[in-house]
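Please read the structure below before turning to the comments.
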Amino acid sequence: MSLVVMKFGGTSVEDATAIGRTAAIVAGRVAAGKKPVVVVSAMAKVTDLLLRAGTSAAAGDKTGALSISSRLRCRHRDTAAALVKDPKETAELQKWIDAKFDGLDEILRGLAAILEMTPRISDLIVSHGERLSSRMIAAAFRERGINTEAVDARQIILTDSQFQKAMPIDAAIEKRAEEQLRPLLDSGKVPVMGGFIGSNEAGITTTLGRGGSDFTAALIGGALNAEAIEIWTDVDGIMTSDPRVCPDALRVKVISFEEAAELAYFGAKVLHPATILPAVKKNIPVLVLNSKNPTNEGTRIISLAPHCKTPFKSIAVKKKLSIIDVVASRMLMTHGYLKEIFTVFDRHQCAVDMVSTSEVSVSLTVDSTDKLPAIAADLSKLADVKYEGKKALVCMVGEDIRGQNGMAAQVFGAVKHINVRMISQGASEINMSFMIDEEDADEAVRSLHAAFFQDPDPEIFDVEARKAAFSS
Ligand code: ADP
Ligand code: ASP
Ligand code: MG
């Protein structure tokens, strides 16, 4: 069975026009004999606004919170009205949207009374985005002749109880997808479900972390052994850098799972870092495609990409990082000392991105700012501690970087006007990273891009598109 999972991000469902485009893309796949499972994000910016409503309410600003909710209610009602014309379906949908917002307003009023927001309530609040979009999009698909069934993702994506960053329970998801999605597909239906949201054993709503709809798509693809997982977004694919930073970024035609995972982890927002995992497990290709330019072939992520003559495939940047310097002249190289340092990070459940040691100091980078004071207080029992925020990690990804002589000299030559704070090449053969001040990040990426993507391998990069852009 040619089953494909098609995930549409916030911009692909941002308004009635975008949802219309999305419906046409799905209808095209059905007409080509495919069996799609559709996973949708909340409409663009809705998750941010829901979070803002929650934090405002918990800070005592009930009026502000309810006014955000009221604007979101109007936006969903208007979009639904523009999409669904059948009177019975419209009436039902509008009533359902109102009921959801009435419930949300009640939660916000409650938060404004107790003046406290917990991760569990935050997940319940933000889940409204995907619950609303999926139901509305399913109705729009039906009206456009697609045989659709809306599915509540929380019935399928079982997770643990780490609210805001829940981990999926694969075996249960496989079982539930087989029981609930497979029969729909067998009867010729297109299931439409929200990404990002799930629920724990007790049925309490959880989320997979920001950008998590990509992860949902991959989990469903893995559970049902899909032939492909398609991530539909607002750019032509994985590019040689964020096109918002480098307008001349090129589309990468093909890239390996390993390289894509590295890029996603180190900040290329186009893919959620966990997306690749389920795909790797079942060796399912992932395609990154543009819903505003659906005929473009996008990026194909596969287990073994063809050899690339250009050293790097793409440059990613992770911002909002901090560096912690731990200085202890006497104890540093003594047995068990590093273990003690890492135990502190472990205790605070804080992941470390990069580590570098000198004779008297250890420098570590982390992406959590709220935990820093407590971590520093614990570390100061072991040594002198300093920390500094507003750092950015630039990560160059390409195959076999270690095997290429003089590569580090070329990289640092390209950014010699920028103060580099930490460097790491580590054991990974496909990643070279360094840490700089956040304010230098865009300039560093542009300099590196200019240095390394002048003469790109046409087998791997869409050189034609750049030529066409320059000649027009
Ligand atoms: P969606 O809402 O569809 O999930 P996202 O906003 O999460 O979309 O991701 C798409 C965005 O990722 C693009 O608009 C682009 O600005 C950004 N981005 C960052 N790095 C890259 C990259 N290397 N290639 C493509 N897009 C990138
Ligand atoms: N709506 C969620 C977010 O904005 C999940 C997603 O879009 O992937 O983070
Ligand atoms: Mg995304």
Residues within region 207-232 that are within 13 Å of ligand 2 (Cβ to nearest atom), in contact with a strand residue (DSSP E or B) (Cβ under 9 Å, 6 or more places away or on another chain) and part of a loop (DSSP other than H, G, I, E, B), tallied: 2
Scope region 237-274; condition assigned to a loop (DSSP other than H, G, I, E, B), within 15 Å of ligand 3 (Cβ to nearest atom) and in contact (Cβ under 8 Å) with a residue 40 or more places away in the chain; matching residues: Gly237, Ile238, Asp242, Gly267, Ala268, Lys269, Leu271, His272, Ala274
Test result for Gly203, assigned to a loop (DSSP other than H, G, I, E, B), in contact (Cβ under 8 Å) with a residue 40 or more places away in the chain, closer than 28 Å to Ala32 by Cα and over 20 Å from the mean Cα position of the chain (by Cα): no
Members of region 196-218 found to be buried (at least 24 other Cβ atoms within 10 Å of the Cβ) and under 16 Å from Val288 (Cα atoms), listed by number: Gly212, Ser213, Asp214, Phe215, Thr216, Ala217, Ala218
Of residues in region 358-399 being acidic (Asp, Glu) and farther than 22 Å from Val317 by Cβ, the one surrounded by the fewest Cβ atoms within 10 Å (Cβ to Cβ): Glu359
Qualifying residue in region 85-100 (condition: in contact with a Ser or Thr (Cβ under 8 Å, 6 or more places away or on another chain) and hydrophobic (A, V, I, L, M, F, W, C)): no
Residues satisfying the stated conditions in region 34-74, i.e. part of a helix (DSSP H, G or I) and within 16 Å of ligand 1 (Cβ to nearest atom): Val46, Thr47, Asp48, Leu49, Leu50, Leu51
Residue in region 181-192 that is of a type outside the set (Ser, Thr, Tyr) and within 14 Å of ligand 1 (Cβ to nearest atom) present: no
Count of region 233-274 residues which are within 16 Å of ligand 2 (Cβ to nearest atom) and in contact with a Lys or Arg (Cβ under 7 Å, 6 or more places away or on another chain): 2
Those strands (runs of 3 or more DSSP E) lying entirely in region 349-458 with at least 3 residues farther than 28 Å from Tyr337 by Cβ: 384-397
Residue that is farthest from Met6 (Cα to Cα) [pool: residues in region 219-234 that are buried (at least 22 other Cβ atoms within 10 Å of the Cβ) and within 13 Å of ligand 1 (Cβ to nearest atom)]: Thr233
Residue in region 13-29 that is without any contact (Cβ under 8 Å) to a residue 24 or more places away in the chain, within 15 Å of ligand 1 (Cβ to nearest atom) and acidic (Asp, Glu) present: no
Some residue of region 51-73 being within 16 Å of ligand 3 (Cβ to nearest atom), within 27 Å of the chain's Cα centre (by Cα) and either among the acidic types (Asp, Glu) or surrounded by 15 or more Cβ atoms within 10 Å (Cβ to Cβ) (or both): yes
Residue, nearest to Gly20 (Cα to Cα), within region 281-299, restricted to residues that are surrounded by fewer than 18 Cβ atoms within 10 Å (Cβ to Cβ), out of contact with any Asp or Glu (no Cβ under 7 Å at 6 or more places or on another chain) and in contact (Cβ under 8 Å) with a residue 12 or more places away in the chain: Pro294
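Each value in this text was obtained by applying a stated rule to the coordinates, not by laboratory testing. The structure presented is a predicted model; accordingly, all values stated were derived computationally and were not measured. Please note: Cβ atoms are built from the backbone with ideal geometry, for glycine as well, and neighbour counts cover all protein chains shown.
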